[in-house]
Amino acid sequence: MPFVITEPCINVKDKSCVSVCPVDCIYEFDGEPQLYIHPDECIECGACQPVCPVNAIYPDFEVPASQEKFIALNAEKSRALKAEKV
Ligand code: SF4
Ligand code: SF4
C-alpha cells in the first residue's frame, strides 16, 4: 500500500516531500509535470503526507476516486523512468 502523489502536485513540485522521505523513493524526472513515488521502494511511513502544501499525497487506499489514475501513473512512471536513468 504505497503512498501516491496526485494531481495537486502538478506544476507545484516544491519538493517538500523529498527531503523528509527516509528511503529517497520520491522522484523528480526531467520533463514530468509532477513528482512520483516508487511503489516498490516506499516503506509507507507516512512522513511525506503532512508536509505537502497542496495535499497531493495519499496512501493508495485513500486516494480520492477522481484521482485513482494516479496510482498506476506513479507506478508506471517511476519504474520506467528510473529504469531509463540507470
Ligand atoms: S510514505 Fe514514507 S517512504 Fe513512502 S514516499 Fe512517503 S516518506 Fe517516502
Ligand atoms: S510536497 Fe506535494 S506539491 Fe511538493 S513535490 Fe511533494 S507532492 Fe508535489
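Inside region 8-33, can you point out the residues that are in a loop (DSSP other than H, G, I, E, B), touching a strand residue (DSSP E or B) at 6+ places or on another chain (Cβ under 9 Å) and near ligand 2 (Cβ under 6 Å from one of its atoms)?
K15
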Kindly indicate whether D40 is charged (D, E, K, R) and farther than 12 Å from I5 by Cα. yes
Cβ pairs under 7 Å, 6+ apart, first in region 40-57 and within 13 Å of V20 (Cα to Cα), second in a loop (DSSP other than H, G, I, E, B) and modelled with pLDDT under 95: E44/M1
Subset of region 1-31, residues more than 12 Å from the chain's Cα centre (by Cα) and of a type outside the set (G, A, S), comes to M1, N11, V12, D14, V20, P22, V23, D30
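Going by the conditions given, is I5 in contact (Cβ under 8 Å) with a residue 60 or more places away in the chain, surrounded by 16 or more Cβ atoms within 10 Å (Cβ to Cβ) and within 14 Å of ligand 1 (Cβ to nearest atom)?
Working: in contact (Cβ under 8 Å) with a residue 60 or more places away in the chain: yes; surrounded by 16 or more Cβ atoms within 10 Å (Cβ to Cβ): yes; within 14 Å of ligand 1 (Cβ to nearest atom): yes.
Judged against the criteria, I5 is a match.
Within the bounds of region 10-23, is there any residue that is near ligand 1 (Cβ under 8 Å from one of its atoms) and loosely packed, with under 11 Cβ neighbours inside 10 Å? Outline the logic, then answer.
Taking region 10-23 first, the residues near ligand 1 (Cβ under 8 Å from one of its atoms) are 17, 20-23.
Imposing the further condition that a residue be loosely packed, with under 11 Cβ neighbours inside 10 Å reduces the set to 22.
Yes.
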Every residue from region 39-74 that is surrounded by 13 or more Cβ atoms within 10 Å (Cβ to Cβ), assigned to a loop (DSSP other than H, G, I, E, B) and more than 8 Å from ligand 1 (Cβ to nearest atom): P39, C52, V54, A56, V63, E68
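The values are calculated or read from the model by the stated rules, or taken from the named source; none is laboratory data. For clarity, every value in this text was computed on a predicted model and none was experimentally measured. Neighbour counts are summed over all protein chains in view; Cβ atoms, including those assigned to glycine, are modelled from backbone coordinates with ideal geometry.
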